[in-house]
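Novice: I'd like to ask some things about the structure below.
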Amino acid sequence: MVDAKLVEDLAVDLLRLAAIELPSDVKGALEKARGQESSDIAKANLDAILENIRLAESMKRPVCQDTGLIVFFLNVGHDFGSVKGVPEAIAKGTKRATEEIPLRPNAVHPITRKNSGDNTGAYVPILNWSYVEGDYLEITAFPKGGGSENMTFFSMVKPGEGIAGIKKFVIDSVISSGGQPCPPTIIGVGIGGTADLAMKLAKKCLLRPIGQRHSDPEIAKLEEELLKAINSTGIGPMGLGGNITSLDVHVDYAHCHTASLPVAVNTQCWAARRATARIYKDGSVEILSHRR
Amino acid sequence: MEYRLRIPIPESDVRKLKIGDIVYVTGTMVTARDQAHRRALALHKEGKPIPIDLRGGVVFHCGPVVKKKDGGWEIVAAGPTTSTRMELFQAEFIEAFRPSIIVGKGGMGPRTAEAMKKFGAVYCDFTGGAAVLAAKAVERVRGVEWFELGIPEAMWILEVKDFGPLLVTIDSHGNSHHANVAKIVEENRPKIYSMLGITSK
């Protein structure tokens with residue numbers, strides 16, 4: 001059985017890594033974006049972003065004050081063994097991380113708006129479980145900012161509208177978001193399934209590193225086409241005008257009912273935070289997302 | 001143009017500011033998000049005072065990361081939050097409390113712009129997410145009000161030095177940089193539709 005203290009400590013470490021140090025693909029994409037901008041305002045905003053990333057790392061502070069609603073993705077290997085106690089250990093780690101890093105306590109009751117003070121609450125931290133081949137438990141911390149999460153869209157497109165209907169919904173969603181989700185963003189698109197699965201695919205897409213295309217060439221082509229279109233809007237960094245509105249578009253799909261075409265859009269801000277590690281059956285830990 | 005202004009900022013200085021100008025502010029400013037705006041307006045309606053005089057002041061749409069330090073507070077990270085949520089309150093807020101500068105990200109709507117024109121205030125963008133950069137300008141936390149609203153929603157009273165660069169994006173003469181960008185995006189929309197093979201409007 002997995003050592004609960006090990007999981008708790010790892011949850012704290014992953015939340016710290018995610019909050020303070022952006023993955024190298026995100027940093028690289030932002031640096032590249034800086035080189036592609038021509039207006040003073042766009043360049044100044046990207047310079048501030050890059051300077052802020054450096055400061056966060058050197059001062060060991062969260063890169064953004066919105067340290068997110070705490071979300072984890074867990075892949076349980078079939079040969080890993082029992083995961084009894086893991087949810088409790090992650091909740092404990094979340095409370096500790098809030099205090100120790102510190103994180104901003106963001107979890108509030110949806111109606112009374114009362115803040116729990118420790119980033120936990122009903123169904124929070126949010127745990128997304130999957131099952132995979134292997135002898136490890138893979139944990140990804142994915143703290144999700146409110147500004148970008150608010151720019152979430154869903155539509156039951158008419159199947160008769162086809163691919164053009166999907167593209168229109170995505171581009172209209174991005175245009176209506178404007179500068180609100182802190183562009184340059186990453187856009188996650190989930191197509192098909194049921195409404196809940198489409199939304200989950202849209203969010204899960206955001207875990208994929210920038211520049212990595214979908215394995216299906218048709219979907220990969222759609223991703224590239226959408227990215228080019230989004231970066232032709234002129235929204236630009238922070239919505240203040242410019243060439244780079246999104247760093248990437250990631251799409252995934254599921255088969256759906258013959259009567260339906262669900263499309264979900266989930267947006268990620270430039271502070272695209274994620275940190276991943278594996279705990280192996282023998283108790284060893286490997287950090288995958290950051291070099292250590 | 002670049003300006004270095006001291007809080008409280010007189011209306012004559014605010015009226016000089018135009019969209020595209022860069023501003024740095026020094027003095028005491030406050031944070032306020034959805035809940036603080038709502039509470040301030042509720043108190044005002046009842047004829048009760050709010051904890052600090054905001055005339056000529058700077059209101060920052062921000063919920064900081066904070067740490068307890070030496071019996072007080074330290075601001076760890078303090079970037080702006082999305083300002084459009086405050087569109088519900090901002091025009092009435094400006095009329096009631098007469099701040100000079102609202103700082104946030106993403107811009108605000110026509111009601112706020114109208115109030116800024118009428119009462120002499122501007123809206124400035126600070127780069128969203130640049131939270132450590134913003135926190136560096138905070139010299140001291142003078143206090144916190146309405147703490148029971150929770151750390152993000154409380155009103156933090158901050159002493160700042162050269163807080164900026166703040167980009168003026170709505171001025172007091174009816175100009176909005178955000179509206180200008182939105183116009184360009186709208187002009188681009190048909191071209192983008194045709195790029196993607198979208199025929200319907």
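Read-outs: derived from the displayed coordinates by stated rules, not from any lab. Just so it is clear, the structure is predicted and the values come from calculations on it, not from any experiment. Please note: Cβ atoms are built from the backbone with ideal geometry, for glycine as well, and neighbour counts cover all protein chains shown.
Novice: Summing Lys, Arg as +1 and Asp, Glu as -1, what charge do residues with Cβ under 11 Å from the Cβ of A:Arg278 carry, A:Arg278 excluded? Before the final figure, lay out each step's value.
Specialist: On the way: positive: A:Lys281; negative: A:Asp135, A:Glu138, A:Glu286.
With Lys, Arg at +1 and Asp, Glu at -1, the neighbours total -2.
Novice: A further question follows. For an R0 of 30 angstrom, estimate the FRET efficiency from the Cβ-Cβ distance between A:His109 and B:Arg111 and round to the nearest 0.05. Intermediate values should be presented prior to the final figure.
Specialist: Working: r = 29 Å, r/R0 = 0.98.
So, using R0 = 30 Å, E works out to roughly 0.55.
Novice: Testing the spin-label approximation: label points 7 Å from Cα along Cα→Cβ at B:Lys69 and B:Lys183. State their distance in nm.
Specialist: Placing both labels 7 Å beyond Cα along the Cβ direction yields 4.5 nm.
Novice: Right, another one. Round to a whole angstrom and tell me the spacing of the C-alpha centers of region B:168-192 and region A:34-96.
Specialist: 31
Novice: Find out how many positive minus negative residues lie around A:Ala229, taking Lys and Arg as positive, Asp and Glu as negative, among other residues whose Cβ is under 14 Å from that of A:Ala229.
Specialist: On the way: positive: A:Lys167, A:Lys168, A:Lys221, A:Lys228, B:Arg189, B:Lys191; negative: A:Asp172, A:Glu223, A:Glu224, A:Glu225, A:Asp248.
So the environment of A:Ala229 carries a net charge of +1.
Novice: Just how large is the dipole of region A:146-268 about the Cα centre, in debye to the nearest 20, putting +1 at every Lys and Arg Cβ and -1 at every Asp and Glu Cβ? Let's see the in-between values first.
Specialist: Working: 10 positive and 11 negative charges, 11 e Å.
Dipole about the Cα centre, nearest 20: 60 debye.
Novice: Assuming 0.36 nm per residue, please report the length gained on full extension of the stretch A:Asp135 to A:Arg96 beyond their Cα-Cα distance. Before the final figure, lay out the partial values.
Specialist: Numbers: separation 39, 0.36 × 39 = 14.04 nm, distance 2.77 nm.
Value of the extension gain: 11.3 nm.
Novice: When the gyration tensor of the protein assembly as shown is built from Cα positions, what are the square roots of 5 times its three eigenvalues, in whole Å, from largest to smallest?
Specialist: On the way: eigenvalues 267, 171, 77 Å².
Taking √(5λ) for each Cα gyration eigenvalue gives 37, 29, 20 Å.
Novice: Of the DSSP beta bridges with both residues in chain B, give the percent that are antiparallel, rounding to the nearest 5. Walk me through the numbers before you get to the answer.
Specialist: On the way: 22 of 37 bridges.
Of those bridges, close to 60 percent are antiparallel.
Novice: Any chance you could run the full-extension gain for A:Ala164 through A:Tyr280? It's 0.36 nm times the residue separation minus the Cα-Cα distance, nm to one decimal.
Specialist: 37.3 nm
Novice: Calculate the translational D of region A:146-268 in whole µm² s⁻¹ from Stokes-Einstein, where the hydrodynamic radius comes from the Kirkwood formula applied to all Cα pairs, the temperature is 20 °C and the viscosity 1.002 mPa s.
Specialist: On the way: Rh = 14.0 Å.
Here the translational diffusion coefficient equals 153 µm²/s.
Novice: Another question, if that's okay. Using only C-alpha atoms and all pairs of different ones, pull out the Kirkwood radius for region A:86-232 in Å with one decimal. Could you put the intermediate results ahead of the total?
Specialist: On the way: mean 1/r = 0.0560 Å⁻¹.
Evaluated on region A:86-232, it is 17.9 Å.
Novice: Which FRET efficiency value, to the nearest 0.05, do you get for A:Lys60 and A:Ser38 by plugging their Cβ-Cβ distance into 1/(1 + (r/R0)^6) with R0 = 41 Å?
Specialist: Numbers: r = 34 Å, r/R0 = 0.84.
Once rounded, the FRET efficiency stands at 0.75.
Novice: Fewest Cβ neighbours within 10 Å first, please rank A:Cys205, A:Cys256 accordingly.
Specialist: Values: A:Cys205 23, A:Cys256 18.
Taking fewest neighbouring Cβ atoms as first place, the list is A:Cys256, A:Cys205.
Novice: DSSP beta bridges in the protein assembly as shown, what fraction antiparallel, as a percent rounded to 5?
Specialist: Numbers: 49 of 79 bridges.
Antiparallel: roughly 60 percent of the beta bridges in the protein assembly as shown.
Novice: I'd like the Kirkwood hydrodynamic radius of chain A, using the inverse of the mean 1/r over distinct C-alpha pairs, in Å.
Specialist: Numbers: mean 1/r = 0.0507 Å⁻¹.
The Cα-based Kirkwood calculation yields 19.7 Å.
Novice: Please average, across the residues of A:59-70, the number of beta carbons from any other chain that are within 10 Å of each residue's own beta carbon, and give a whole number.
Specialist: Working: counts 5, 2, 8, 7, 6, 9, 19, 13, 4, 0, 0, 0.
Counting other chains' Cβ atoms within 10 Å and averaging over A:59-70 gives 6.
Novice: Find out how many positive minus negative residues lie around B:Val160, taking Lys and Arg as positive, Asp and Glu as negative, among other residues whose Cβ is under 15 Å from that of B:Val160.
Specialist: Values: positive: B:Arg4, B:Arg6, B:Lys136, B:Arg140, B:Arg142, B:Lys161; negative: B:Glu74, B:Glu139, B:Glu159, B:Asp162.
Once all neighbours under 15 Å are counted, the net charge is +2.
Novice: Sticking with this structure for a sec: Only residues of region A:232-267 count here: report those whose backbone N is under 19 Å from the spot 7 Å along Cα→Cβ of A:Asp216, or say none.
Specialist: Taking a point 7 Å out along Cα→Cβ of A:Asp216, the residues of region A:232-267 whose backbone N falls under 19 Å are A:249-266.
Novice: Could you compute how fast region B:9-139 diffuses translationally, taking Rh as the Kirkwood radius over C-alpha pairs and applying Stokes-Einstein at 20 °C with viscosity 1.002 mPa s? Give it in µm² per second. Intermediate values should be presented prior to the final figure.
Specialist: Numbers: Rh = 15.2 Å.
Reported coefficient: 141 µm²/s.
Novice: Using the crude model of +1 on Lys and Arg Cβ and -1 on Asp and Glu Cβ, and no other charge, please compute the dipole size for region B:2-176 relative to its Cα centre, in debye to 20. Don't skip to the end; give the middle numbers.
Specialist: Working: 24 positive and 21 negative charges, 13 e Å.
Dipole size: approximately 60 debye.
Novice: Just to be sure I understand: of the beta bridges DSSP finds with both ends in region A:123-280, what percent are antiparallel, rounded to 5?
Specialist: Working: 16 of 24 bridges.
Roughly 65 percent of the DSSP beta bridges within region A:123-280 come out antiparallel.
Novice: Taking only DSSP H segments of four or more residues, each worth -39500 (n - 2.57), what value at 222 nm results for the protein assembly as shown once the sum is divided by all its residues, to the nearest 500 deg cm²/dmol?
Specialist: Values: 14 runs with 173 residues, N = 493.
That calculation yields -11000 deg cm²/dmol at 222 nm.
Novice: Now for a different question. For A:Leu6 and A:Asp196 in the same chain, what is the full-extension length gain: residue separation times 0.36 nm, less their Cα-Cα distance, in nm? Could you put the intermediate results ahead of the total?
Specialist: Working: separation 190, 0.36 × 190 = 68.40 nm, distance 3.22 nm.
That works out to 65.2 nm of additional length.
Novice: Residue by residue through B:59-70, how many Cβ atoms from other chains fall within 10 Å of the Cβ on average?
Specialist: Numbers: counts 0, 0, 0, 2, 6, 3, 13, 4, 4, 1, 0, 0.
Whole-number average of other-chain Cβ neighbours for B:59-70 is 3.
Novice: B:Lys67: which lysines have alpha carbons under 25 Å from its alpha carbon, excluding same-chain residues fewer than 8 sequence positions away?
Specialist: Of all the lysines, those that pass the test against B:Lys67 - Cα under 25 Å, at least 8 places apart if same chain - are A:Lys60, A:Lys92, A:Lys95, A:Lys114, A:Lys144, B:Lys105, B:Lys136, B:Lys161.
Novice: Tabulate in residue order the Karplus-calculated ³J(HN,Hα) for region A:221-232, using 6.51 cos²θ - 1.76 cosθ + 1.60 with θ = phi - 60°, rounded to whole Hz; enter x for Gly and Pro.
Specialist: 5, 4, 4, 5, 5, 5, 4, 4, 5, 4, 7, 9
Novice: Report the FRET efficiency, 1/(1 + (r/R0)^6), for B:Met195 and A:His255, where r is their Cβ-Cβ distance and R0 is 35 Å, rounded to 0.05. Intermediate values should be presented prior to the final figure.
Specialist: On the way: r = 28 Å, r/R0 = 0.81.
That gives a FRET efficiency of 0.80.
Novice: Between A:Leu50 and B:Lys18, with labels modelled 7 Å along Cα→Cβ, what's the label distance in nm to one decimal, could you check?
Specialist: 3.0
Novice: Rounding to the nearest 20 debye, state how big the charge dipole of region B:1-80 is about its Cα centre with +1 on each Lys and Arg Cβ and -1 on each Asp and Glu Cβ. Walk me through the numbers on the way to the answer.
Specialist: Values: 14 positive and 9 negative charges, 35 e Å.
In debye, rounded to 20, region B:1-80 gives about 160.
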